[in-house]
Amino acid sequence: MTKTMDSPAHELTATLRHRYGDAPDVAPTTPGLPELARLAAHRSHRAYTDRPVDVALIRLLAAVALSAPAKSDLQQRDIVILEDPALRMKVTGLVTGENPWLEKAPAFLVFCGNNRRQRQLHEWRGRPFANDHLDAFFNAAVDSAIVLQAFITAAKAAGLGCCPVSAIRNHAQAVSDLLGLPDHVFPVAGLGLGWPAAEGFISARLPLATTLHVDRFSEAGLREQIDNYDRRRAAIHPYAKQRYTEDFGTAAEYGWSEDKARQYSRPERADFGAFVRRKGFRLD
Ligand SMILES: Cc1cc2nc3c(=O)[nH]c(=O)nc-3n(C[C@H](O)[C@H](O)[C@H](O)COP(=O)(O)O)c2cc1C
């Protein structure tokens, strides 16, 4: 995408067109356009310079991120900053096979759901805990994900680049053991963090016609929209490698839908439910 834009409205329009193939109208009088343009230009960064990230800055960003909203003010999410390099390498080492870029990430954090504190309040206040069901897990997971995104936004504002790592859940028990996570506290995602070594790229998303609904959910034209998305995305940023060719061969046209269908043809973290139950969640 070219970078010579003459106004925030044009810049935002161009970014959204690149992202979705189409863009809603952007009135030049829209408040907050420069910030909206920055948010729309999101990209994950997986390549970092050798420059370390100051621990004080990471703690500051965590404080900013934990300002995010939380369900019923229950605040069921925590962040673990991995400052000990040996421990960090043990945790990231679990997933560098699939995420080799993490070997050079100067910093790593783990975002956790925490339903434990709530249960402790019930014990300490002598009140019954009448919500031992799926929502207890779900709310904590959602709160944690919101803080993850808030941290990403804060990190970008400070000029850092980052990329979430849900692959740590492939080794949820090992991560939990290494970080000493007690019952009802579970890892949601890691986050690799550093000063970006490259600009990165804006990843094309499904068209807004597919994912933005008005009044009623609609799948009208879905297949065609996805076919078009496959082609548009392949033209902008083709996959470097086809997945699981040993099972499915090499496709002449390889787009997002083929990649995602191949990805989930194999089980991923089928043991996560068992891990969550071992953490004490009932999930009924
Ligand atoms: C919850 C979550 C988990 C993710 N886990 C990984 C991961 O384990 N490894 C990785 O390389 N990227 C991971 N990502 C990054 C996504 O692959 C990335 O967001 C997506 O490809 C879109 O690219 P973009 O963020 O640059 O727009 C994760 C993103 C999210 C939100």
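Could you please let me know if V165 is in contact with a Gly (Cβ under 7 Å, 6 or more places away or on another chain), within 20 Å of R117 (Cα to Cα) and within 13 Å of the ligand (Cβ to nearest atom)? So V165 does not fit the description; no. Of the residues making up segment 101-116, not a single one is of a type in the set (D, E, K, R) and not in a helix (DSSP H, G or I).
Residue-by-condition table, conditions (1) assigned by TED's automatic domain parsing to the domain that holds F111; (2) β-branched (V, I, T); (3) part of a loop (DSSP other than H, G, I, E, B):
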{"residue": "D177", "(1), (2), (3)": "yes, no, no"}
{"residue": "G192", "(1), (2), (3)": "yes, no, no"}
{"residue": "A220", "(1), (2), (3)": "no, no, yes"}
{"residue": "A240", "(1), (2), (3)": "no, no, yes"}
{"residue": "D247", "(1), (2), (3)": "no, no, no"}
{"residue": "L283", "(1), (2), (3)": "no, no, yes"}
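Reported count of residues in segment 249-271, each being of a type in the set (S, T, Y) and outside any loop (DSSP other than H, G, I, E, B), is 1. In this structure, R17 does not satisfy being at pLDDT 95 or above, farther than 29 Å from Q225 by Cβ and either out of contact with any helix residue (DSSP H, G or I) (no Cβ under 8 Å at 6 or more places or on another chain) or outside any helix (DSSP H, G or I) (or both). When restricted to residues that are within 16 Å of the ligand (Cβ to nearest atom) and exposed (fewer than 15 other Cβ atoms within 10 Å of the Cβ), segment 45-58 contains 0. Which residue is farthest from the ligand (Cβ to nearest atom), if the candidates are limited to segment 185-198 and must be surrounded by 22 or more Cβ atoms within 10 Å (Cβ to Cβ) and not hydrophobic (A, V, I, L, M, F, W, C)? Checking each candidate, the answer is G194. In this structure, L61 does not satisfy being closer than 25 Å to Y48 by Cα, within 13 Å of the ligand (Cβ to nearest atom), in contact (Cβ under 8 Å) with a residue 60 or more places away in the chain and more than 16 Å from the chain's Cα centre (by Cα). With respect to R277, determine if the residue is part of a helix (DSSP H, G or I) and more than 14 Å from the ligand (Cβ to nearest atom). Judged against the criteria, R277 is a match. In the set (1) over 24 Å from D183 (Cβ atoms); (2) assigned to a helix (DSSP H, G or I); (3) among the acidic types (D, E); (4) in contact (Cβ under 8 Å) with a residue 40 or more places away in the chain, E98 fails one condition alone, (2).
Each row is one residue, and each column tells you yes or no for (1) touching a helix residue (DSSP H, G or I) at 6+ places or on another chain (Cβ under 9 Å); (2) exposed (fewer than 12 other Cβ atoms within 10 Å of the Cβ); (3) under 19 Å from R46 (Cβ atoms).
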{"residue": "Q173", "(1), (2), (3)": "yes, no, no"}
{"residue": "L179", "(1), (2), (3)": "yes, no, no"}
{"residue": "G200", "(1), (2), (3)": "no, no, yes"}
{"residue": "F217", "(1), (2), (3)": "no, yes, no"}
{"residue": "I236", "(1), (2), (3)": "yes, no, yes"}
{"residue": "A252", "(1), (2), (3)": "no, yes, no"}
{"residue": "Q263", "(1), (2), (3)": "no, yes, yes"}
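Taking the numbered list (1) part of a helix (DSSP H, G or I); (2) surrounded by fewer than 20 Cβ atoms within 10 Å (Cβ to Cβ); (3) touching a residue at least 24 places away in the same chain (Cβ under 8 Å); (4) within 19 Å of the chain's Cα centre (by Cα) in turn, T92 passes all entries but (2). Within segment 245-270, the set of residues being in contact (Cβ under 8 Å) with a residue 12 or more places away in the chain and under 22 Å from L94 (Cβ atoms) comprises Q263, R266, E268, R269.
The values are calculated or read from the model by the stated rules, or taken from the named source; none is laboratory data. Just so it is clear, the model here is predicted, and its values are computed rather than measured. Cβ coordinates were reconstructed from backbone atoms using ideal geometry, including for glycine residues, and neighbour counts include every protein chain displayed.
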